[in-house]
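Where a number appears in this text, it was derived from the coordinates with a stated rule and is not lab data. Since this is a predicted model, take the numbers as computed values, not measurements. Cβ sites come from the backbone with ideal geometry, for glycine too, and all protein chains shown count toward neighbours.
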Amino acid sequence: MEEPLCKKCGKPLDREEAEYCEDCGKGKHLFARGRAAFVYDALMRESISRFKYRNRREYGDFYVKEILERCGDALRAWEADALIPIPLHRGRRRKRGFNQAELLARGLSRELGIPVNTRLLVRVKKTRPQKELSRQERSSNLKNAFQAAQNDVRLKKVILVDDIYTTGSTIDAAAKVLLQQGVEKVYFLSICIGRGY
């Protein structure tokens, strides 16, 4: 994606003079910054759907390569202590067979040398898929969805990894838990992001 991008979440902006997208301009997010490799359009919707629901795990290699090419400088500049994939509820993981965010995080870890931590954050509430919900429903859907699995957190800066960023509800819910556990800065990285307008 090319500039202009939102200085907070990385959504592409239509106006050259804008610094923040509409979401970040009017709302307060808990993460420090975020980036994504692609805009979430019809083509990427189909690609992500195949990746997640049709077991096309090999897509992960392509996504990792593109993320590094498009967002690698930002990722390195954040100097994170760990990559934390957004966890799936154990029932959903069992049904799908894998966590797409973890697959991405592991690929990025191999290239960047940043360790993956899958033990710190757990999804304790089975939530409805976010794509079916309005902005307000997304927030309440994720209320208390995550918990920290350990309370001796020594990580200062982490990058949350997910497949799609739209309103930031998932990232904020996970970031809240991590910040309460003593993490100082939470960044995020996703394959796709919605438009900033």
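For residue 11, the amide hydrogen comes within under 5 Å of the amide hydrogens of 6, counting only partners 5 or more places away or on other chains and with H modelled in the peptide plane.
Ignoring GluC sites (Glu not before Pro) that are buried or in helix or strand per DSSP, and keeping those with at most 15 other beta carbon atoms within 10 Å, what is the longest stretch of the chain between them?
Values: sites that count: 2, 16, 17, 19, 58, 79, 184.
The longest uninterrupted stretch comes out as 80-183.
In the chain, the sites counted are trypsin sites (Lys or Arg not before Pro) in DSSP loop states with at most 16 other Cβ atoms within 10 Å, and the longest stretch holding none of them, exclusive of the sites, is 58-118. Straight Cα distances below 30 angstrom link residue 156 to the lysines 7, 8, 11, 26, 28, 65, 125, 126, 143, 176, 185, with same-chain residues fewer than 8 positions distant left out.
State, as an integer percentage, the relative contact order of the range 147-190 based on alpha-carbon contacts under 8 Å between residues 6 or more apart.
Working: 51 pairs, mean separation 25.5, N = 44.
About 58 percent, as a whole number.
The distance between label points at residue 70 and residue 54 comes to 2.0 nm (points 7 Å beyond Cα on the Cα→Cβ vector). Averaging the sequence gap over all C-alpha pairs within less than 8 Å and six or more residues apart, then dividing by the number of residues, gives the chain a relative contact order of 29 percent. Residue-wise HN-Hα couplings along the range 81-86, as the Karplus relation 6.51 cos²θ - 1.76 cosθ + 1.60 with θ = phi - 60° gives them from phi, are 7, 7, 9, 10, x, 5 Hz; Gly and Pro carry x. Amide hydrogen proximity for residue 39: with H placed 1.01 Å from N in the peptide plane, the residues at 5 or more positions away or on another chain lying under 5 Å are 193.
In this structure, residue 126 and residue 1 have a Cβ-Cβ separation that, at R0 = 22 Å, corresponds to a calculated FRET efficiency of about 0.10.
With contributions of -39500 (n - 2.57) from each DSSP H run of at least four residues, the per-residue ellipticity at 222 nm computed over the chain stands at -11500 deg cm²/dmol.
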